[in-house]
Amino acid sequence: MLLQLLEPGETPAPHQNEAPRAIGIDLGTTNSVVAVARDGVVEVLKGADGRGLLASVVCYGEDGSVLVGEDARNQILVAPDHVVGSIKRLMGRGLEDVKSLAGTLPYKMDSLAEGGMVRLNVAGRVLTPVEISADILRAIKARAEAALDGAVEKAVVTVPAYFDDAARTATRDAARLAGLEVLRLVNEPTAAALAYGLDNSAEGLYAVYDLGGGTFDISLLRMEKGVFQVKATGGDAALGGDDVDHAIAEHFLAERGAEPLSAGEVKQVLMVARLAKECLTHSMGGEWMVDIGDRSTRHFLDRATLDRLALPFVERTLEICRGVVADAEVEMEDIKGVVLVGGSTRMPLVRSKVAELFGREPLSDINPDEVVAVGAALQAEALTVGSDTLLLDVTPLSLGIETMGGIVEKVIPRNQPIPVGMAQEFTTYQDGQTAMSIHVVQGEREMVDQCRSLARFVLKGIPPMAAGAARIRVAFTVDADGLLTVSARETTTGTEAQVAVKPSYGLDEEEMAKMLRDSLENARTDMTVRLLTESKVEANRSILAIRAALVADGDLLDAAERGMIETAVAKVETLLAGTDREAILAAAENMENATKGFAEKRMDQGIRKALAGVSVDKLDGAL
Ligand code: ADP
Ligand code: MG
């Protein structure tokens with residue numbers, strides 16, 4: 001065989017002809033995973049330690065070094081103040097959100113926080129959750145580049161289905177900081193469903209049960225016409241494998257006999273507990289050593305004891321599942337498949353209990369702690385190379401604006417396939433109104449104070465017109481990542497204002513799940529409140545109009561007529577302070593009747609004014 005020779009300097013570098021690869025990233029609370037797909041075959045990229053999981057833990061050294069992964073996690077024993085874990089819980093959160101979590105977070109918050117952004121004090125540095133997540137993403141990028149032997153610049157990153165605009169924006173910002181272009185943010189349950197190829201199988205309803213280290217999420221997805229709709233989500237932001245570790249640690253410590261322990265020693269026992277738990281997935285029992293100080297004790301743990309310790313937590317997840325299924329108004333039998341996600345679903349107890357609840361064996365052939373990254377990698381390949389498994393996501397919560405009386409007018413409803421653009425027309429409330437303040441909110445409830453405020457802006461320069469004459473078109477656009485842009489335009493003059501909605505804080509997952517639940521539970525009361533508010537707004541509008549008319553044309557009335565109108569108006573005003581909608585409607589009708597004569601007189605006068613100087617034959621022609 002003849003060797004081929006190329007012109008000097010023409011030898012292609014290895015991989016030169018390969019298009020840069022796009023990776024799929026599951027940026028988890030406890031662990032992160034990165035994977036890549038080629039022709040639909042997915043490879044989970046392993047680190048130097050041979051493991052696919054990368055602990056989502058960062059250790060910041062005194063010397064400015066940054067350590068990510070299992071080694072960083074182990075530093076907890078040596079330098080706990082330098083180690084940050086579970087940063088995902090703070091993504092897109094504001095100071096207000098974090099206050100409610102006080103005590104549950106092991107972080108020192110920076111008191112100089114400003115602009116609503118949370119900052120942490122770690123080893124003398126002040127860091128935002130976005131920066132800390134970026135450090136994890138940098139380690140992921142480096143792992144991928146080492147494994148693929150080439151530059152990696154593009155990624156699909158997964159986020160929980162309940163992540164709001166702020167948390168999604170924060171995730172995207174973190175990726176950008178790490179030098180990764182986010183091709184798409186995909187919902188975690190959707191990615192898991194995709195990994196099982198549920199997109200091209202028959203349409204239907206699927207449950208994704210995700211039990212990780214510190215969080216539990218259950219999502220119901222409906223696959224319809226190539227779109228995954230999130231029908232319902234629920235969960236508990238403080239429920240997971242960590243709770244089982246605690247229960248085992250307490251069991252060991254009880255056997256050992258009470259003794260005061262330092263925080264570091266407790267963490268040490270927890271690590272032994274976690275190891276014991278993970279080993280018992282494959283074995284029926286084993287012996288564990290707890291070494292603290294100069295005392296070393298041996299503890300025997302078998303599967304039955306582990307199951308007994310874990311049962312209350314597993315039961316709690318089942319209870320949440322039942323609630324979500326009930327909220328979504330579906331029957332267990334309607335669910336065509338259950339996907340297991342998260343390391344804790346490896347526990348045999350979890351598998352059997354979930355199978356029992358849903359009445360079917362869950363899908364678990366794909367590693368539950370890798371399945372989300374597998375779906376993300378398939379999506380990354382689809383978005384770069386192209387494939388028919390291209391996925392559409394949906395808006396997680398309805399988006400709308402505040403109208404008079406604090407009522408929410410939804411512009412884009414929940415579960416709309418994205419990208420999507422929708423617009424609605426609004427008008428002015430008062431005569432001569434030249435500016436309109438636009439308040440963008442997210443949520444399912446009817447009233448603004450029960451939804452999340454996302455942004456406010458003002459449309460100025462509306463030409464003065466009579467109330468209700470201006471035409472203001474408010475357009476909402478949600479891009480493929482679920483990020484929102486809002487613009488407003490007065491259509492008769494073209495006056496325009498626009499904001500890319502970039503809130504400095506977001507909803508937390510419990511709040512989100514609660515908002516969804518509340519919207520179902522409170523649908524009826526919300527409607528009552530809405531009707532009452534609408535009646536009040538309507539009555540107020542009439543009063544404003546009557547007042548303006550009295551100022552303009554009050555001379556058309558005699559004292560008695562005027563008195564009657566004023567009494568009727570006063571009656572409505574008194575009732576407006578209360579909540580009796582029927583009474584308000586009746587009084588408002590009475591007020592309309594009382595002003596009928598006045599309205600006719602004004603009309604006559606208006607016609608007379610308009611006709612002044614018009615000749616009779618012209619008028620005939622017009623008639
Ligand atoms: P997250 O999604 O929160 O980042 P993971 O899905 O990686 O978390 O799950 C981490 C949890 O899974 C930890 O509590 C870990 O102890 C648990 N886990 C991992 N492997 C096993 C196993 N073999 N048996 C039981 N629990 C396990
Ligand atoms: Mg996870």
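The values are calculated or read from the model by the stated rules, or taken from the named source; none is laboratory data. Small disclaimer: the values here were computed from a predicted structure and weren't measured. Using ideal geometry, Cβ is built from the backbone for each residue, glycine included, and neighbour counts are taken over all protein chains shown.
Conditions (1) touching a strand residue (DSSP E or B) at 6+ places or on another chain (Cβ under 7 Å); (2) among the basic types (Lys, Arg); (3) modelled with pLDDT of 90 or more, marked per residue:
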residue: Leu220; (1), (2), (3): yes, no, yes
residue: Phe228; (1), (2), (3): yes, no, no
residue: Lys231; (1), (2), (3): yes, yes, no
residue: Leu239; (1), (2), (3): yes, no, yes
residue: Asp242; (1), (2), (3): no, no, yes
residue: Asp245; (1), (2), (3): no, no, yes
residue: Gly257; (1), (2), (3): no, no, no
residue: Ala263; (1), (2), (3): no, no, no
residue: Ala276; (1), (2), (3): yes, no, yes
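For region 280-297, a tally of residues being away from ligand 1 (no atom under 16 Å from the Cβ), of a type in the set (A, V, I, L, M) and either farther than 17 Å from Ala263 by Cα or in contact with a Gly (Cβ under 7 Å, 6 or more places away or on another chain) (or both) returns 1.
Of the set (1) farther than 30 Å from Arg184 by Cα; (2) assigned to a loop (DSSP other than H, G, I, E, B); (3) within 26 Å of the chain's Cα centre (by Cα); (4) not aliphatic (A, V, I, L, M), all apply to Arg360 but (3). The one condition from (1) buried (at least 20 other Cβ atoms within 10 Å of the Cβ); (2) at pLDDT 90 or above; (3) of a type outside the set (Phe, Trp, Tyr) that Glu153 does not meet is (1).
Here's the yes/no breakdown for (1) of a type in the set (Asp, Glu); (2) part of a strand (DSSP E or B); (3) crowded, with 21+ Cβ neighbours inside 10 Å:
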position	(1), (2), (3)
Asp173	yes, no, no
Arg184	no, yes, yes
Ser219	no, yes, yes
Asp245	yes, no, yes
Glu259	yes, no, no
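Here Pro396 meets the list (1) surrounded by fewer than 20 Cβ atoms within 10 Å (Cβ to Cβ); (2) away from ligand 1 (no atom under 16 Å from the Cβ) almost entirely, failing just condition (1). Restricting Val372, Val350 to those that are within 16 Å of ligand 2 (Cβ to nearest atom), over 26 Å from the mean Cα position of the chain (by Cα) and in a helix (DSSP H, G or I) reduces the list to Val350. Might you let me know whether region 282-289 holds any residue that is within 29 Å of Gln379 (Cα to Cα), modelled with pLDDT of 85 or more and more than 16 Å from ligand 2 (Cβ to nearest atom)? Within region 282-289 (the criterion being within 29 Å of Gln379 (Cα to Cα), modelled with pLDDT of 85 or more and more than 16 Å from ligand 2 (Cβ to nearest atom)), the answer is no, since none of the residues qualifies. Among the criteria (1) over 22 Å from Glu250 (Cβ atoms); (2) of a type in the set (Gly, Ala, Ser); (3) out of contact with any helix residue (DSSP H, G or I) (no Cβ under 8 Å at 6 or more places or on another chain), the one Ala304 does not fulfil is (1). Has region 346-363 got any residue that is surrounded by 19 or more Cβ atoms within 10 Å (Cβ to Cβ) and at positive phi? No, because not a single residue in region 346-363 is surrounded by 19 or more Cβ atoms within 10 Å (Cβ to Cβ) and at positive phi. Scanning region 170-194 for residues that are closer than 21 Å to Thr477 by Cβ and in contact with a Lys or Arg (Cβ under 6 Å, 6 or more places away or on another chain) yields Glu181, Val182, Leu183, Leu185.
Looking only at residues in region 335-347 that are assigned to a helix (DSSP H, G or I) and within 26 Å of the chain's Cα centre (by Cα), the one that is farthest from ligand 1 (Cβ to nearest atom) is Thr345.
Can you find a residue that is more than 12 Å from ligand 1 (Cβ to nearest atom) and among the hydrophobic types (A, V, I, L, M, F, W, C) anywhere in region 207-216? The answer is yes; a qualifying residue exists. A search for C-beta distances below 8 Å between a residue of region 579-607 that is farther than 21 Å from Gly563 by Cβ and any residue that is exposed (fewer than 12 other Cβ atoms within 10 Å of the Cβ), counting only pairs 6+ apart in sequence or on different chains, returns Ile584/Gly578. Residue count for region 399-410 satisfying the condition of being buried (at least 21 other Cβ atoms within 10 Å of the Cβ) and within 15 Å of Val486 (Cα to Cα): 3. Residues Leu576, Leu550, Leu557: which one is touching a Phe, Trp or Tyr at 6+ places or on another chain (Cβ under 7 Å) and surrounded by 14 or more Cβ atoms within 10 Å (Cβ to Cβ)? On inspection, the qualifying residue turns out to be Leu557. Evaluation of Asp302 against the conditions (1) surrounded by fewer than 17 Cβ atoms within 10 Å (Cβ to Cβ); (2) within 12 Å of ligand 1 (Cβ to nearest atom); (3) charged (D, E, K, R) shows that the sole unmet condition is (2).
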